[in-house]
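Peer 1: One structure follows; several queries about it will come next.
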Amino acid sequence: MKWIKEMIAASIDHTLLKATATEDQVKVLCSEAKQYKFKAVCINPYWVPTCAKELAGSDVLIATVVGFPLGANSSAVKAEEARRAVAEGAREIDMVINIGQAKAGDWAAVREDIAAVVKASKPAIVKVIIETCYLTREEKITACRVAVEAGAAFVKTSTGFGTGGATVEDVRLMKETVGDAAFVKASGGIKTYEDAVAMLEAGASRIGASAGVAIMHEAETLA
């Protein structure tokens, strides 16, 4: 059971993306991430320098969001946001696709948008949020393929700010689509140990959750 808890902890991006997040709350987030050995913290770009100080010398990575949560910024703005975040200490960039262009079927524009962020983010990796709640099955498949073509390391289900979050079905579909070419991050609505295990079993390699500590406490009770 211990190895299962460690595996789950090592897959969690401990997340705080609320507009009302304060510096003290961000510092607590970092402290918890170190305590539970989470893979990363995921915060809004403003807090990257704070996290860089708080996590210095630890193995916890800093992930931040770009074009969040709507994905409707220009590619140039997204690229600059990513570039600045990496310069300040981010090692992972979670970007939102241009959802409107995806719905319109302009996949070339979606691909170019992702590629611009991938290029600007180097050497950091990019996770591409496709916001599954707004896409049809075929659009989800195409979005995942386009993200891989553009150089993304991960495809990610959700921002947590849309009309729905991660589902086992979507994670399984995304993993089947990308295969070994990319990883899958499940995020949005993952609140329990059972939720986390289900997402990992469906093919996710990373879990975005604000309930990371609660998930680990639940895992302790099941030990």
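Peer 1: Under the Kirkwood approximation applied to all pairs of distinct alpha-carbon atoms, what is the hydrodynamic radius of the chain in Å?
Peer 2: Kirkwood hydrodynamic radius for the chain: 17.1 Å.
Peer 1: So which lysines pass the test for K119, namely a Cα distance under 22 Å, with those fewer than 8 places away in the same chain ruled out?
Peer 2: Those lysines meeting the cut-off are K78, K127, K156, K185.
Peer 1: Please arrange V110, V128, V86 by counting, for each residue, the other beta carbons lying within 10 Å of its beta carbon, fewest first.
Peer 2: Sorted ascending by nearby Cβ count, the order is V86, V110, V128.
Peer 1: Over segment 2-221, calculate the relative contact order: mean separation of alpha carbon pairs under 8 Å at least 6 apart, over the residue count, as a percent.
Peer 2: 18
Peer 1: Could you give the distance between the Cα centres of segment 86-153 and segment 1-53, to the whole Å?
Peer 2: 23
Peer 1: Okay, next question. By the scheme Lys and Arg +1, Asp and Glu -1, what is the net charge of all other residues having a beta-carbon under 13 Å from that of A63? List each step's numbers first, then the result.
Peer 2: Working: positive: K39, R91, K127, K156, K185, R206; negative: D13, E88, E92, D94.
It works out to a net charge of +2.
Peer 1: Taking neighbour Cβ counts within 10 Å as the exposure measure, how do S74, S187, S205 sort from fewest upward?
Peer 2: On the way: S74 12, S187 26, S205 17.
Sorted ascending by nearby Cβ count, the order is S74, S205, S187.
Peer 1: Separate question: So, R0 is 30 Å and r is the distance between the beta-carbons of A72 and D24; what FRET efficiency does that work out to, to 0.05?
Peer 2: The pair A72/D24 has a calculated efficiency of 0.45.
Peer 1: Using Cβ contacts closer than 10 Å as the measure, can you line up M174, M7 from fewest to most?
Peer 2: Going from least to most buried by this count: M7, M174.
Here, each number is a calculation from the coordinates, and none is a lab measurement. In this text, all values refer to a predicted model and were calculated from it rather than measured experimentally. For neighbour counting, all protein chains shown are included, and Cβ atoms are generated from backbone atoms with ideal geometry for every residue, glycine included.
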